[in-house]
Amino acid sequence: MNLRPHATAGSGLPPAGALAALTPACSACGGGRVRELLMAYVPEFMRRSDEFARERDAVRTREEWRALSRKWLDASAWPRKTPEQCAEDQARKRGPVRIGGRTWSSFSDGLDLDPLARYVLHDTVHRVGDPLVFPQMADVPREAGAGWVQECGYCEISTRELGEETCPRCGRKLHFANYSE
């Protein structure tokens, strides 16, 4: 697998010390995200990434998932984007757009998180939490008609045109999410 700067194989969690590599000059950060990189919040699970990864990787039950969520993923104290930031996001994220032969739409997470932290959060929820909270989804075929999308929490883009497993913008592993009712 050809990994771009700060993309990591497997879980999406950066190796220890990788946060220092996140610099505004990095082309993989999207170029226009200097403000986000300099001002966005870095949650505790990123600052203590080795400990978080060990605990996350040990989760096997709903109860363990709830305990992990309470300890590491409680967003109640995390900063939210201001109305001005939301307006900037909306202006910057015009779409849908064609990237890598597929149509992508932008989404905006309301939390003012560092992009890598947002990616790790989405990865953890979709890869670890969702299968425990929604076990019945394992039987739903991963098809767009069944409500599945592929998302990149780092770039905040999603597509219903399922295909390649890596984000065409940043090279990180895409997450499957299901929004069927």
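The values are calculated or read from the model by the stated rules, or taken from the named source; none is laboratory data. This structure is a prediction, so every number in the text was calculated from the model and none was measured. Positions of Cβ are backbone-derived with ideal geometry, glycine not excepted, and every protein chain shown enters the neighbour counts.
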Task: Members of the range 121-159 found to be closer than 19 Å to residue 57 by Cβ, of a type outside the set (D, E, K, R), in contact (Cβ under 8 Å) with a residue 60 or more places away in the chain and touching a strand residue (DSSP E or B) at 6+ places or on another chain (Cβ under 9 Å), listed by number - done: 121
Open item on the list: Among the residues that make up the range 110-121, is at least one of them within 21 Å of residue 176 (Cβ to Cβ), buried (at least 18 other Cβ atoms within 10 Å of the Cβ) and among the basic types (Lys, Arg)?
Closed with: yes
- [ ] Select from the range 68-113 the residues that are modelled with pLDDT of 85 or more, touching a strand residue (DSSP E or B) at 6+ places or on another chain (Cβ under 8 Å), of a type in the set (Gly, Ala, Ser) and closer than 28 Å to residue 144 by Cβ and list them in ascending order.
- [x] 105, 106, 110
TODO: Kindly indicate whether residue 167 is free of Cβ contacts under 8 Å to residues at least 24 places away in the same chain and surrounded by 18 or more Cβ atoms within 10 Å (Cβ to Cβ).
DONE: yes
Open item on the list: Being among the β-branched types (Val, Ile, Thr), at pLDDT 80 or above and surrounded by 13 or more Cβ atoms within 10 Å (Cβ to Cβ) narrows it down to one residue among 34, 59; which is it?
Closed with: 59
TODO: Search the range 62-94 for residues being exposed (fewer than 14 other Cβ atoms within 10 Å of the Cβ) and touching a residue at least 60 places away in the same chain (Cβ under 8 Å), and hand back the single one that is nearest to residue 165 (Cα to Cα).
DONE: 92
Open item on the list: Of the conditions (1) at pLDDT 95 or above; (2) charged (D, E, K, R); (3) over 17 Å from residue 122 (Cα atoms); (4) exposed (fewer than 12 other Cβ atoms within 10 Å of the Cβ), residue 51 satisfies every one except a single condition; which number is it?
Closed with: (4)
Open item on the list: Can you find a residue that is among the acidic types (Asp, Glu), more than 16 Å from the chain's Cα centre (by Cα) and under 30 Å from residue 55 (Cα atoms) anywhere in the range 132-154?
Closed with: yes
Open item on the list: Give me the residue from the range 58-101 that is among the charged types (D, E, K, R), under 19 Å from the mean Cα position of the chain (by Cα) and outside any helix (DSSP H, G or I) and, out of that set, nearest to residue 120 (Cα to Cα).
Closed with: 74
Open item on the list: One residue is enough: does the range 147-155 have a residue meeting the conditions out of contact with any helix residue (DSSP H, G or I) (no Cβ under 8 Å at 6 or more places or on another chain) and at pLDDT below 90?
Closed with: yes
- [ ] Scan the range 160-172 for residues that are among the small types (Gly, Ala, Ser) and more than 23 Å from residue 56 (Cβ to Cβ) and jot them down.
- [x] 163
